[in-house]
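Since the structure comes first, as structure tokens, the remarks are kept for the end.
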Amino acid sequence: MTQATKLSRLKAAADRADWREALRIAARFPELGKHGPAIKRAHEAFENGRFYEQLGMKPAELIAAGIDALCKRYSLNATTHGVNTMSKTYTAKSAAVRAARKELNNPQAKPGEDFKVAGSDERGWRYTIPSKGAAAPAAEPAADPKAEPTPAAMPERDPLQIPASLLRPPMTEEEKAAVAAKARRAASPEREIVVRKTQAPKAQAAKAPTDGNAPREGTISRQVYDLLIRPEGATTKDMKAIGLVDISVLVRAKKFAKSYGLEVRHEKEGPVTRVYLSQPAA
């Protein structure tokens, strides 16, 4: 169905004062301009008026505003097409006729002359009563002082607003100055130098041996060290004797030599390598 055909159906519905159908067709148009929100809201008020009542809005006012926007959008004559449209639908056409006669307070009112009935058995029947002029706004009933306020009358409140009792009071000038001074001290290069001087000796002391030139007493490294500094040196067999199977004697001797300023010497005796650790020659 083309846009022109839909527009012709819309105008035909307006001609027969079927504003519910006209708003339904218009609400599906892709471009409605500034009148779009009012037209779509009026269509929704027709279909689900109770929802807007729960929000504190009046479906009749939304529908009237949507009809006015529809007339302005498509150059319809609002006074000619002004109607009093009921949003309720009926399962039978006869029920819609009885409801229209009851509203007109005229049991002899005739469909097509005094009111119009439109719809189908599948979608329901509804009646429309043409207005003879602009109806004056109905007077609002007096407010009941005991009644609870409606959501629309209640003051709006920002959901993100935090109670003042939970907010921290602003800092005084003295507190701001103390915070700024602490930040300056933390970023000072002098403090970094002091920290390095106090931390460096601890790191060096942890790496230094107990007697200054040998591993600490009672450790495996000291046992290996004592074997290597013997005049006969040490072999892999000696390492196995103290429970060290997978340790290379030469690698461990080179490590001790680097740590304590000693000299490494090794000799090949057939398949056996004997490693010596001694003080360097003067």
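Each value in this text was obtained by applying a stated rule to the coordinates, not by laboratory testing. Treat the numbers as computed from the prediction; the structure is a model and nothing was measured. Here Cβ is always computed from backbone atoms with ideal geometry, including for glycine, and neighbour counts include all displayed protein chains.
Computed from backbone phi with θ = phi - 60° and the Karplus coefficients 6.51, -1.76 and 1.60, the 3J(HN,Hα) list for segment 5-17 is 5, 5, 5, 5, 5, 4, 5, 5, 5, 5, 5, 9, 6 Hz; x is used for glycine and proline.
A cut-off of 5 Å between modelled amide H atoms, ignoring neighbours fewer than 5 places along the same chain, links HIS266 with TYR276.
Under a Cβ-only charge scheme (Lys and Arg +1, Asp and Glu -1), can you give me the dipole magnitude of segment 220-278 about the Cα centre, in debye to the nearest 20?
160 debye
Tally Lys and Arg at +1 and Asp and Glu at -1 over the other residues with C-beta under 11 Å from the C-beta of ILE25: what net charge comes out?
On the way: positive: LYS6, ARG9, LYS11, ARG20, ARG24, ARG28; negative: ASP18, GLU21.
Summing Lys and Arg as +1 and Asp and Glu as -1 gives +4.
Of LYS58/LYS110; LYS40/LYS72; LYS11/LYS116; LYS237/LYS268, which sit over 20 Å apart, Cα to Cα? Where the Cα-Cα span goes over 20 Å, the pairs concerned are LYS58/LYS110.
From the Cα gyration tensor of segment 220-278, with a ≥ b ≥ c the square roots of its eigenvalues, which class applies: rounded if a/c is under 1.5, or else prolate if a/b is larger than b/c, or else oblate?
Details: a/c = 1.68, a/b = 1.15, b/c = 1.46.
Taking the square roots of the gyration eigenvalues as a ≥ b ≥ c, segment 220-278 is oblate.
Positive end of the dipole of segment 220-278, charges at C-beta (+1 Lys, Arg; -1 Asp, Glu), about the Cα centre: which of SER259, GLY243, PRO271 has its Cα farthest in that direction? Positive-end residue among those listed: SER259. 3J(HN,Hα) along segment 96-109: 5, 5, 5, 5, 5, 5, 5, 5, 6, 6, 9, x, 9, 4 Hz, from the Karplus curve 6.51 cos²θ - 1.76 cosθ + 1.60 with θ = phi - 60°, whole Hz, x for Gly and Pro.
At q = 0.13, 0.17, 0.19 Å⁻¹, what log₁₀ I(q)/I(0) does segment 3-130 have when each alpha carbon counts as one equal point scatterer in the Debye sum? For segment 3-130 at q = 0.13, 0.17, 0.19 Å⁻¹, log10 I(q)/I(0) is -0.52, -0.89, -1.08. Counting neighbouring beta carbons within 10 Å and listing from fewest to most, the residues TYR225, TYR276 come out as TYR276, TYR225. With K and R counted +1 and D and E -1, the other residues having a Cβ less than 15 Å from that of GLY112 yield a net charge of +2. In order along segment 268-275, the Karplus-derived 3J(HN,Hα) couplings, from 6.51 cos²θ - 1.76 cosθ + 1.60 at θ = phi - 60°, round to 9, 10, x, x, 9, 10, 9, 10 Hz, and Gly and Pro are given as x.
Listing PHE256, PHE115 from the residue with the fewest other Cβ atoms within 10 Å to the one with the most, what is the order? It would help to have the intermediate numbers written out before the result.
Working: PHE256 19, PHE115 24.
Taking fewest neighbouring Cβ atoms as first place, the list is PHE256, PHE115.
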